[in-house]
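Please read the structure below before turning to the comments.
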Amino acid sequence: MIPVLLVVSILVFSMLHLAPGDPVHMMVNPRLGEEAIQQKRVELGLDRPLYVQYLSFMKRVFTGNLGRSIYTREHIAHMLLQRLPNTLELGFTALVLAFLVAIPAGTIAAKHRGQLLDYSTMFIAVVGLAMPQFWLALVLMLIFAVKLGWFPVAGTGGFRHLVLPSITLAAYFAGLMARMTRSSLLEVLGKDYILTARSKGLREITVLLKHGLRNALTPVISVLGMEIGWLVGGAVVVEFVFNRPGLGRLMVHSLYMRDYPVVQFLILFLVMSVLIGNLAADLLYSIANPRIRYV
């Protein structure tokens, strides 16, 4: 995890500073002259060599002193903590929703392989995978918020504000996990121990869930572990469309304003989320499959 974070930090720092645009020109009126612009650049530390700025950035990472936004001068730690609960709330709700839909859907499709129920379930899964999040968000807003008035159009406040964003964010992951569950379960159902369980006279539901699904969950957990982190990152588009004050909107705003410190720490946080998700998946393997043990 540490080497990955170091490589990502170098790439992010380099790309942000090589991108066109200068935050100082957005903060200082050009009419004040080049001297005022240069003074502001010195004040923000942007006049120093890039390697010095990078070392200063990494020092703040390891010491926990994230510094301040160069645009608002607000503490970055406070900005992150203020918006993180909204992003985690959305990501966790979408993850639970995707899991509750995908596992039964994939199991039903595998049980009825080659039948109409299988084709219809997988068709819906593919649609969920193919639909762009921003388009699905607008469609849901138009139908359920504008036309029917069942849910608020945007913002935060309660459970009703969370329904449409969660469905939008969960659609892709539900489709992905449903297809993974179906394919993994079909492979497991062809194993000899499944035939042995059936020959013992066990009920089909017991064979399917206890002996089949549990052993089929290992690859699904792998995907789930990776997607935990991407759920946080995927919230960028959803939060922007539904006007939710989370890390996604902060990311878009900071990129637009060339707020280097905020963007750098946000991207590192998203990468860390993916790495922690992968670690959690490794630990969950032994729960789903008792034969797996870590020495």
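The values are calculated or read from the model by the stated rules, or taken from the named source; none is laboratory data. These numbers come from a predicted model, not from an experiment. When we count neighbours, we look across all protein chains shown, and the Cβ atoms used for this are built from the backbone with ideal geometry, even at glycine.
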Pairs, please: C-beta under 9 Å, at least 6 apart or cross-chain, first residue closer than 21 Å to residue 72 by Cα and not assigned by TED's automatic domain parsing to the domain that holds residue 90 and in the range 235-257, second charged (D, E, K, R) and in a helix (DSSP H, G or I)? none
Looking at residue 293 and the list (1) at pLDDT below 70; (2) among the basic types (Lys, Arg); (3) assigned to a helix (DSSP H, G or I), which single condition is not satisfied? (3)
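Residues are listed down the side, and each one gets a yes or a no for (1) charged (D, E, K, R); (2) touching a helix residue (DSSP H, G or I) at 6+ places or on another chain (Cβ under 8 Å); (3) surrounded by fewer than 16 Cβ atoms within 10 Å (Cβ to Cβ); (4) modelled with pLDDT of 85 or more:
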position: 107; (1), (2), (3), (4): no, yes, no, no
position: 117; (1), (2), (3), (4): no, yes, yes, no
position: 141; (1), (2), (3), (4): no, yes, no, yes
position: 153; (1), (2), (3), (4): no, yes, yes, no
Checked against (1) more than 18 Å from the chain's Cα centre (by Cα); (2) under 21 Å from residue 164 (Cα atoms); (3) surrounded by fewer than 20 Cβ atoms within 10 Å (Cβ to Cβ), residue 100 satisfies every condition except (1)
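Tell me the residue from 136, 116 that is closer than 21 Å to residue 89 by Cα and either touching a strand residue (DSSP E or B) at 6+ places or on another chain (Cβ under 7 Å) or free of Cβ contacts under 8 Å to residues at least 60 places away in the same chain (or both), please. So that I can check it myself, show each step before the final result.
Details: 116 fails: closer than 21 Å to residue 89 by Cα.
Exactly one of 136, 116 is closer than 21 Å to residue 89 by Cα and either touching a strand residue (DSSP E or B) at 6+ places or on another chain (Cβ under 7 Å) or free of Cβ contacts under 8 Å to residues at least 60 places away in the same chain (or both), namely 136.
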Boolean, residue 97 is aliphatic (A, V, I, L, M) and over 30 Å from residue 220 (Cβ atoms): no
From the list 164, 140, 186, pick out the single residue that is more than 16 Å from the chain's Cα centre (by Cα), in the same structural domain as residue 105 (by TED's automatic domain parsing) and either within 28 Å of residue 219 (Cα to Cα) or outside any helix (DSSP H, G or I) (or both). 186
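Condition check ((1) farther than 30 Å from residue 157 by Cβ; (2) modelled with pLDDT under 80) across all residues:
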site: 29; (1), (2): yes, yes
site: 33; (1), (2): yes, yes
site: 46; (1), (2): yes, yes
site: 63; (1), (2): yes, yes
site: 90; (1), (2): no, no
site: 120; (1), (2): yes, no
site: 128; (1), (2): no, no
